[in-house]
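Notes to accompany the following structure.
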Amino acid sequence: MTGKKLVVLIDSDMGSSEIELAACESAGLDFFDGRFASPEQLTTLLREASGVLVQYRVVDEAFLDRCPRLLAIVTYGVGTDHIDTTAAAARGIGVLPVRDYCVDEVADHTLALVLACMRRIVPLSLAVRSGVWPGTQDFGTLRTMRDSTYAVIGLGSIGQAVAVRALAFGTAVCVHDPYVDAGLCESFGLTQVSLEDAFSCDIVSLHVPLMDSTAQMVTGRLLDRMPPHGILVNVSRGGVIVEHDLLERVESGRINAGLDVLTVEPPSDGDALASSHRVIITPHVAWYSTSAEDRLCAQAGTLMSRFLAEPLRNVKGTT
């Protein structure tokens, strides 16, 4: 080892790590892309690592036990539900998510799913592809945004961007977020409502982190409050929905759903929700654009380098 603090990339599906490498080296850090390391090599690297970069890897106590010098975990994304943040905090390890790198992408994707459900884009397109030209009696229930009510669950950066887009369609928008400042809602012209009242709207989109208070938050009881042919869109985490409750209601034609996330990703073969023809599902792609990927890598590298470059952050186990 060179004596510099070491950053190890554990997992990522984003190709080259040149952006992260440049950010770390410019801060005087060593960087190693460990995605293709042997188990033995990775064990050695983790013993020396001051920082790790992870995307999907579960970071639990067993993993942390392998990293005696670890000071920082940077995760590619907003959510930290795959990291034992309590265990990390107890060891003095910083957990740094990358925020606000894909606000427009997720907001655009949210409205794309809403409109696809509302205008029945997928089934009508598939009908034409199969040689059928549907008539008005076959269109089903088609509505407009202007004639609908919209509830945004979670008014962070993405929720705010979604609300602005929905308002531009002339939709009446309300919000449920127990942590939001009333002045922020007022500045957007949004009405604050309870979670139960939010699910009385025609359209509900979810923009909340997965944590104890939101896990399986969306139950059949809440879904039954939605009007017939209501639309639920989830671009947050699959675990915030009781999926079998949602499946029952979409299969019966009670409501419609557009999902970018599932509890298990990728789903197992034959997963009932993933294979349902009554749900529009995209493969956790709402965050993605070429520019968002570059921003994500750059911000991950910058977060790590700035955190570890602090003079007082000495490598554990040294004096």
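Evaluated against (1) in contact with a Gly (Cβ under 9 Å, 6 or more places away or on another chain); (2) crowded, with 21+ Cβ neighbours inside 10 Å; (3) within 30 Å of VAL8 (Cβ to Cβ), TYR76 falls short on exactly one condition, (1). Where helices (runs of 4 or more DSSP H) sit wholly within region 1-98, those with at least 3 residues that are within 30 Å of ALA215 (Cα to Cα), outside the structural domain of GLY154 (by TED's automatic domain parsing) and free of Cβ contacts under 8 Å to residues at least 60 places away in the same chain occupy 61-65, 85-90. The requirement of being closer than 30 Å to VAL264 by Cα and either surrounded by fewer than 18 Cβ atoms within 10 Å (Cβ to Cβ) or acidic (Asp, Glu) (or both) is fulfilled nowhere in region 2-10; no residue meets it.
Criterion applied to ASP108, ASP13, ASP84, ASP65 was being modelled with pLDDT of 95 or more and loosely packed, with under 15 Cβ neighbours inside 10 Å, and the one residue passing it is ASP65.
Count of region 169-210 residues, restricted to those that are within 23 Å of TYR288 (Cα to Cα) and either surrounded by fewer than 16 Cβ atoms within 10 Å (Cβ to Cβ) or modelled with pLDDT under 95 (or both), is 2. The single condition among (1) surrounded by 21 or more Cβ atoms within 10 Å (Cβ to Cβ); (2) not in a strand (DSSP E or B) that TYR150 does not satisfy is (2).
The values are calculated or read from the model by the stated rules, or taken from the named source; none is laboratory data. Predicted model, so just to flag it, every value in this text is computed and none were measured. Because the Cβ atoms are built from the backbone with ideal geometry, glycine has one as well, and the counts that use them run over all protein chains shown.
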